[in-house]
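The values are calculated or read from the model by the stated rules, or taken from the named source; none is laboratory data. Keep in mind that this is a model prediction, so the values were computed, not measured. A quick note on method: Cβ atoms are made from the backbone with ideal geometry, for glycine too, and the neighbour counts reach across all protein chains shown.
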Amino acid sequence: MVLDFNINITEEKKAHTVRVAGDIDIYTSPKLKSFLKNLLGAGPKNVVLNLENVKYIDSTGLGTIVFLSKELYKKERGFSIVSQSLQLKKIFEVAGLTKKNILIFEEESLALASL
Amino acid sequence: MKKTDVKTTAKCISIKIPCYSEYVGVVRLAVSGLATRMNFSIEDIEDIKIAVSEACTNSVQYAYTEKENKYIDILCNSYKDKLELIVSDTGIGFDLNTVTNSRKVIEKDKLGLGLGITFMKSLMDKTDIISTIGQGTTIKMTKKLSVPRK
């Protein structure tokens, strides 16, 4: 549903894990981007972006993910995504992001282990 | 009216939203409901949701410099064998031939309109974009039903 957008974060040993729920679109992307910008200034940790509870993402959401990925790369911090959604994987492919070293894992434990 | 005319007549749903980002999700839910009623597959419904959202997002982001009292019109024509979506604004318009390159330079953080167009063209069976500088933009998209309705 559109209204159920929320973000929470936990700090693991190796990474910050950001869990997003709801639709990521032109309305919610700025909130996510603002949250992630604050996170980028919060120390040297890697980031796992858990999108298990994201049922919809569009080009503005992908733009935010690419922004995060580039900023983390510049700071030599690792980044991975968690999602089982075939639709999400499909639009990553359409956008050409699977060629940009953005890795998607089906389990959070696997995403953490990759960093 | 001839019998063949009846078969090709669309049932039309018209939606008009203020040109603000919070209403794009409302259109997405409404169009998703229509596509479900038309018996599109789950994968096709997801494609349609993205395409109509991208068209509305384009208008919200680029059509109007002042959004007060500005609207986006969404026309959903439901046929027996396809869904036709027409999203239009009366904003500043853009030059489709140059938009991708220029926006890539201007908006480094965003994937921008170029990706929105890629999604619409990739996920729908047919996408036509007509934009005139100073007059607005109309995006017409069609998704065919794999099994036409009776």
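Selection over the range A:73-115 of residues that are of a type in the set (A, V, I, L, M, F, W, C), within 14 Å of chain B (Cβ to nearest Cβ) and in contact with a helix residue (DSSP H, G or I) (Cβ under 9 Å, 6 or more places away or on another chain) gives a count of 7.
Only one entry in B:Glu43, B:Glu66 is part of a loop (DSSP other than H, G, I, E, B) and either among the hydrophobic types (A, V, I, L, M, F, W, C) or free of Cβ contacts under 8 Å to residues at least 24 places away in the same chain (or both), namely B:Glu66. Whenever a residue of the range A:69-98 is closer than 17 Å to A:Ala113 by Cα, its partners that are small (Gly, Ala, Ser) and surrounded by fewer than 18 Cβ atoms within 10 Å (Cβ to Cβ), lying with C-beta atoms within less than 6 angstrom and at least six residues away or across chains, give the pairs A:Ser80/A:Ser114.
Which residue is nearest to B:Lys82 (Cα to Cα), if the candidates are limited to the range B:119-150 and must be in a strand (DSSP E or B) and without any contact (Cβ under 8 Å) to a residue 40 or more places away in the chain?
The residue in question is B:Lys126.
Name the single residue that is nearest to the other protein chains (Cβ to nearest Cβ) among those in the range A:12-41 being without any contact (Cβ under 8 Å) to a residue 40 or more places away in the chain, in a loop (DSSP other than H, G, I, E, B) and not aromatic (Phe, Trp, Tyr). Out of the qualifying residues, it is A:Ile26.
Could you check the range A:99-115 and list, in sequence order, the residues that are free of Cβ contacts under 8 Å to residues at least 60 places away in the same chain and either part of a helix (DSSP H, G or I) or under 17 Å from A:Ile24 (Cβ atoms) (or both)?
A:Lys99, A:Ile102, A:Ile104, A:Ser109, A:Leu110, A:Ala113
When A:Tyr73 is tested against (1) on the phi < 0 side of the Ramachandran plot; (2) part of a loop (DSSP other than H, G, I, E, B); (3) surrounded by fewer than 21 Cβ atoms within 10 Å (Cβ to Cβ), exactly one condition is not met: (2). Can you find a residue in the range B:15-24 that is part of a loop (DSSP other than H, G, I, E, B), within 12 Å of another protein chain (Cβ to nearest Cβ), at pLDDT 95 or above and buried (at least 21 other Cβ atoms within 10 Å of the Cβ)? Yes, the conditions are met somewhere in the range B:15-24.
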